[in-house]
Amino acid sequence: MKYSKQEVLQYVMEDDVKFIRLAFCDVFGKQKNISIMPEELPRAFEYGIAIDASAIAGFGDETHSDLLLHPDAETLMVLPWRPEHGKVVRMFSTISYPDGRPFECDTRSMLKQAVKDAEAAGVCFDFGSEQEFYLFKLDEKGRPTKETHDEAGYMDLAPEDKGENIRREICLTLEQMGIRPESSHHEQGPGQNEIDFRYSDALTAADNAMTFQTVVRTVAYRNGLYADFSAKPLEGKPGNGFHINMSVKADDGTDKLGSVIAGVLEKACEMTAFLNPTENSYQRFGKNKAPGYVSWSGENRSQLVRIPAAVGEYRRAELRSPDPTANPYLAFALMIYAGLYGIENGLELPPAEDFNLYKADAQTLARFKKLPEDLASARKMAAESEFIKTHVPASVLDIYCSK
C-alpha cells in the first residue's frame with residue numbers, strides 16, 4: 001500500500017510510532033539511515049533533514065558537506081523486528097542540496113529518471129530479483145567465521161538443510177512489510193540460500209532488494225548467524241548471484257523484449273563495473289552457473305541472458321551476471337537504458353546459443369565476446385563508454401572508475 005504524506009502523519013500520531021528511520025544508500029548501494037522523532041516528521045516532509053555528506057564515501061568533502069533527506073511517504077514500512085509498542089517505521093528518501101538541486105549521486109533518483117525516460121518512449125519495465133547469500137556461524141565474540149551453517153546442497157530438505165526455518169522467518173517478516181516473496185530454497189553451496197521475488201515496477205523492486213538484504217542480515221543475526229552477500233564468499237564453492245528478471249510492456253502493444261535483450265547484450269561489458277563492483281566479483285564468473293561470455297539462450301543457465309519459457313505477462317529475460325554487491329537502483333537504471341537503446345536502434349537478437357558454454361572448447365568460445373575478467377578491465381570499459389557517460393553522472397562514474 002502506498003501512503004500520502006497526510007496519511008503517514010496521521011498513522012505516526014495514532015499508532016504509537018516513536019522512531020522514523022529515513023533510509024538512503026551511498027553510490028555503491030550500502031544502505032544508510034538516520035532516525036528522527038515523530039515531532040520532526042512535518043519538518044522532514046516540508047524542508048528535509050540535514051546530514052553530513054562528508055562522512056559518506058563519495059558524497060562530498062568538508063567544504064560542501066550538507067545534504068538534505070526528503071522522505072518518500074509512499075515507501076512507509078513498519079519494521080516488525082522492533083518493539084510493537086513504540087513502533088519503528090522506515091521510509092526511503094531522496095537527496096538534495098540545501099538550495100533544492102537534486103544530488104547527482106542519489107542513485108534512487110537516477111532510477112526514477114530512467115523510469116520517466118522509458119515512459120516517454122512508450123514502454124514500461126518491471127523487475128524481479130533473485131538474491132543468493134551464505135549463512136556463516138559467529139564466533140564467541142559475535143564475529144563472522146567461515147564455518148557454514150550447514151553442508152546441504154541444492155534444494156535439499158531438513159535436517160540437512162538447516163536454513164529452512166531461517167528462510168521461513170525471513171519470508172514471513174517480508175510479508176509483514178508488504179513485500180511478496182515468490183519462492184525460497186537451499187542453493188548449491190554449503191550454507192547457501194536463495195529467496196526470489198515476484199516482479200514489480202522498477203523503483204519498488206529496487207527498494208525491495210535493499211530491504212531484503214537488511215531483513216536477511218537482521219534475521220540471521222537474531223539466529224546467531226552472519227548473512228554474507230559477497231560475490232564469492234568461499235573459494236572453490238558457488239558464488240552468490242543477483243539474477244535480475246526484466247519484462248517490458250509497450251504502449252502500442254508490440255513485443256519489444258527481443259530488442260531490449262539485444263540492447264542489454266550489446267552494452268553488457270560496459271555496464272559490468274556497476275553490476276559487479278568488487279574485485280571479489282570476478283572470481284565468480286565462468287563457473288558454477290555464473291556466466292563468462294556475452295550470449296543468450298532459453299532454459300540454458302550457462303548463458304549471460306536466459307529467456308525462460310513463458311507467455312504473456314510472464315515473458316521475461318533473466319540477466320545472470322550481476323552479484324548482490326551491485327547497487328540495485330543503478331543496475332536497474334542501466335538495464336532500462338540499455339533496453340531503450342535496443343528499441344531505439346531496432347536491434348534484433350542474434351541466434352540463441354543452446355549448448356553448455358562451460359563444456360565448450362576454445363575454438364567455440366572464441367566466437368563470443370568475453371565479460372571483463374577483472375575489475376580494472378571493467379572500469380576501463382565503463383570509463384571509455386559513451387553509453388555510460390550519457391546515463392551515469394560524471395561524479396558517480398568517477399567514484400566507480402577511479403578507485
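The values are calculated or read from the model by the stated rules, or taken from the named source; none is laboratory data. Quick caveat, the model's predicted, so the values are computed rather than measured. Positions of Cβ are generated from backbone atoms using ideal geometry, with glycine treated the same way; all protein chains shown enter the neighbour counts. Remember, those area values only see protein heavy atoms, side chains included, never the ligands or the DNA or RNA. Shrake-Rupley method; radii C 1.70, N 1.55, O 1.52, S 1.80 Å.
Observations, loosely collected:
- Yes/no for R108 being buried (at least 19 other Cβ atoms within 10 Å of the Cβ), modelled with pLDDT of 95 or more, assigned to a helix (DSSP H, G or I) and under 18 Å from the mean Cα position of the chain (by Cα): yes
- Residue tally, condition part of a strand (DSSP E or B) and under 30 Å from E151 (Cβ atoms), over the range 179-227: 15
- Residue match in the range 200-223 (condition: farther than 22 Å from G128 by Cα and either at pLDDT below 95 or charged (D, E, K, R) (or both)): yes
- Residues that are open to solvent by 20 Å² or more (accessible area, probe 1.4 Å) and in a helix (DSSP H, G or I), drawn from the range 283-341: Q283, G312, E313, Y314, Y337, Y341
- Selection within the range 34-53 - surrounded by fewer than 18 Cβ atoms within 10 Å (Cβ to Cβ), part of a strand (DSSP E or B) and of a type outside the set (D, E, K, R): I34, S35, I36, A50
- Of all residues in the range 215-232, those that are open to solvent by 10 Å² or more (accessible area, probe 1.4 Å) have Cβ atoms under 6 Å from Cβ atoms of residues that are of a type in the set (V, I, T), 6 or more apart or on another chain, in N223/I166.
- Any hit, the range 288-300, residues being at pLDDT 95 or above and within 20 Å of the chain's Cα centre (by Cα): no
- Residues within the range 167-184 that are in contact with a strand residue (DSSP E or B) (Cβ under 6 Å, 6 or more places away or on another chain) and open to solvent by less than 30 Å² (accessible area, probe 1.4 Å), tallied: 5
- The single condition among (1) out of contact with any helix residue (DSSP H, G or I) (no Cβ under 7 Å at 6 or more places or on another chain); (2) touching a residue at least 40 places away in the same chain (Cβ under 8 Å); (3) closer than 24 Å to E194 by Cβ; (4) not hydroxyl-bearing (S, T, Y) that A309 does not satisfy is (2).
- For M13: the one exception among (1) touching a helix residue (DSSP H, G or I) at 6+ places or on another chain (Cβ under 8 Å); (2) of a type outside the set (D, E, K, R); (3) open to solvent by less than 80 Å² (accessible area, probe 1.4 Å): (3)
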